[in-house]
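The values are calculated or read from the model by the stated rules, or taken from the named source; none is laboratory data. From a predicted model like this one, the values you see are computed outputs, not experimental measurements. Glycine gets a Cβ as well: all are built from the backbone with ideal geometry, and neighbour counts include every protein chain shown.
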Amino acid sequence: MGGAPARRADGFLPEERRVQDLAFRTLLYRYFFFTWLFKDASRGNVLERAAAWRHNQEHAHWLLTYMRRWLWCGVVFYALGTFVELMLSSPGLSAVFYIPGALSLPINAVIGAVWIGLKALPGPF
């Protein structure tokens, strides 16, 4: 008989999940990785792929937030590595901080390429 789907007693639809219901590791993953925001534009018929592409373009602005997060993590890890190397005179231990700091750069390069691709390139259709 149509109409809106029935809501639970707490006001949410049955398939909705609040952020408070998510496990900490899921929240941590979503904080640093953006794949959960986007849809696969290579699957489905032409209309489904076009809808997924538009969805991805609409969510591209979040990529700048992820770039900023990775930039700050890289800066903090690099600063910690410098502190450990210079103040504690432990170059071996400083590698524990330098390596994640250095890995933030290629991650930012990938995020930047995805952002430019979604903003500048026309849809694949």
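So for segment 103-118 (the condition being aromatic (Phe, Trp, Tyr) and within 14 Å of the chain's Cα centre (by Cα)), does at least one residue qualify?
yes
Taking segment 1-50 as the search range and keeping residues that are under 21 Å from PRO122 (Cβ atoms) and either acidic (Asp, Glu) or at pLDDT below 60 (or both), which one is farthest from the chain's Cα centre (by Cα)?
Across segment 1-50, the extreme among qualifying residues is GLU48.
Could you please give the count of residues in segment 27-64 that are surrounded by 12 or more Cβ atoms within 10 Å (Cβ to Cβ) and of a type in the set (S, T, N, Q)?
Total satisfying the criteria: 2.
Table: residues versus (1) surrounded by fewer than 17 Cβ atoms within 10 Å (Cβ to Cβ); (2) touching an Asp or Glu at 6+ places or on another chain (Cβ under 7 Å); (3) of a type in the set (Asp, Glu); (4) modelled with pLDDT under 95.
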{"site": "LEU71", "(1), (2), (3), (4)": "yes, no, no, no"}
{"site": "GLY101", "(1), (2), (3), (4)": "no, no, no, no"}
{"site": "ALA109", "(1), (2), (3), (4)": "yes, no, no, no"}
{"site": "ALA113", "(1), (2), (3), (4)": "yes, no, no, no"}
{"site": "LYS119", "(1), (2), (3), (4)": "yes, no, no, yes"}
{"site": "PRO122", "(1), (2), (3), (4)": "yes, no, no, yes"}
{"site": "PHE125", "(1), (2), (3), (4)": "yes, no, no, yes"}
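Which pairs have Cβ atoms under 6 Å, sit 6 or more apart or on different chains, and link a residue in segment 46-61 that is in contact (Cβ under 8 Å) with a residue 60 or more places away in the chain to one that is surrounded by 14 or more Cβ atoms within 10 Å (Cβ to Cβ)?
ARG49/ALA41; TRP53/ALA41; ASN56/PHE38; ASN56/LEU118; GLN57/LEU118
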